[in-house]
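Scroll down for the structure; my scribbles are underneath it.
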Amino acid sequence: MTQKETILINAPIEKVWHFIQDPNNLQLWNPKVQRVTAFSNSGKSVWSNFGIMYMLNNIPSEMRGEIVVHEPNSRLTFRFLDGKMQHGTSVDESFFLTQTPNGVLLERTIDFTNAPIPWWARIIMWIVFKTGKPVGDAYLVKLRDLIEEK
């Protein structure tokens, strides 16, 4: 199960890439991220690791993040593991960048396929993803605003 959203960012693709590839910037636009701690070469290559405190159902969870895809100006995937999740489970957050005449189209995909979510909760999540509307500013609106104002 995945959640996808897109936004157009009025900035050069290199500027968008520079911002999203740094895990330390996650806490600037995603209110569920409370803290990021760099470990090894954070944000610079595949399999770089970092610590992240993520709020899951309003409960802080220390997790390990790693970069599993790092294709400059094109595609980036963070994998989140450990924390309150069962061993062997994870959530992937991917970003796909496409240059357009009007700016950069950024697609964010969250893949819950390997997350420890019961089948009944997955059904509810699917319904919310398909029919729900965000309350307040969507996360990508904050991300876009941060990149465009720099």
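Data table
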{"quantity": "Among (1) among the hydrophobic types (A, V, I, L, M, F, W, C); (2) assigned to a strand (DSSP E or B); (3) under 17 Å from Leu97 (Cα atoms) - the single one Leu26 does not satisfy", "calculated": "(2)"}
{"quantity": "Filter result for Phe78 (in contact with an Asp or Glu (Cβ under 6 Å, 6 or more places away or on another chain), crowded, with 18+ Cβ neighbours inside 10 Å and of a type in the set (Phe, Trp, Tyr))", "calculated": "yes"}
{"quantity": "Number of the exception - Pro72 against (1) touching a residue at least 24 places away in the same chain (Cβ under 8 Å); (2) surrounded by 17 or more Cβ atoms within 10 Å (Cβ to Cβ); (3) over 16 Å from Asn30 (Cβ atoms)", "calculated": "(2)"}
{"quantity": "Residue tally, condition at pLDDT 85 or above and over 22 Å from Leu146 (Cα atoms), over segment 12-49", "calculated": "1"}
{"quantity": "Checklist (1) of a type in the set (Val, Ile, Thr); (2) modelled with pLDDT of 90 or more; (3) outside any helix (DSSP H, G or I) applied to Ile147, failing item", "calculated": "(3)"}
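The values are calculated or read from the model by the stated rules, or taken from the named source; none is laboratory data. Computed from a predicted model, the values in this text were never measured in an experiment. FYI the Cβ positions are ideal-geometry reconstructions off the backbone, even for glycines, and counts take in every protein chain you see.
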